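Report on one structure; see the data block that follows.
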């Protein structure tokens, strides 16, 4: 299973959990175990934790991808940009040299 497949499954699972939590909190309000303000606070706290978890997951996925790319010895975007600039400078130098002859 690829990294993107895992991320997709985690996202879908998170959406399912979000709906379940909302239903659970709604049931607690209906039973009178929570008032609306407590329910809103609880949902907000859960959403903050879910966002934090999503950021952590994204960071871990990015770290894993970067580590894998490093192990594959592939050039980074910065490497490619640097090489493009060198090629551009060399092309200009060749044109200038050719014009002087």
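Please give the calculated 222 nm ellipticity per residue for the chain, where each DSSP H segment of at least 4 residues contributes -39500 (n - 2.57) and the sum is spread over every residue; nearest 500 deg cm²/dmol?
About -31500 deg cm²/dmol.
Say we join alpha carbon atoms closer than 10 Å with springs in a Gaussian network model of the chain; which of 42, 71, 83 then has the biggest fluctuation?
Judging by the Gaussian network model, the answer is 83.
Taking 0.36 nm per residue of sequence separation and subtracting the Cα-Cα distance, how much length would be gained by fully extending the chain between residue 51 and residue 27, in nm to one decimal?
6.3 nm
So what's the angle, to the nearest 10 degrees on a 0 to 90 scale, between helix 3-30 and the longest Cα principal axis of the chain?
On a 0 to 90 degree scale, this one is about 20.
Taking just the C-alpha trace of the chain, give me its Rg and Dmax in Å.
Radius of gyration, then largest Cα-Cα span, for the chain: 26.1, 91 Å.
Picking from 55, 41, 82, which is most flexible by a Gaussian network model of the chain using Cα springs under 10 Å?
For the chain, modelled as a Gaussian network with Cα springs under 10 Å, the answer is 82.
Given the options 30, 22, 85, state which has the largest fluctuation in a GNM of the chain using a 10 Å cut-off (strictly under) for Cα springs.
Maximum fluctuation in the GNM of the chain, among the listed residues, is at 85.
Bear in mind that the values in this text are calculations on the coordinates, not laboratory data. What you see is a predicted model; the values in this text were computed from it and never measured.
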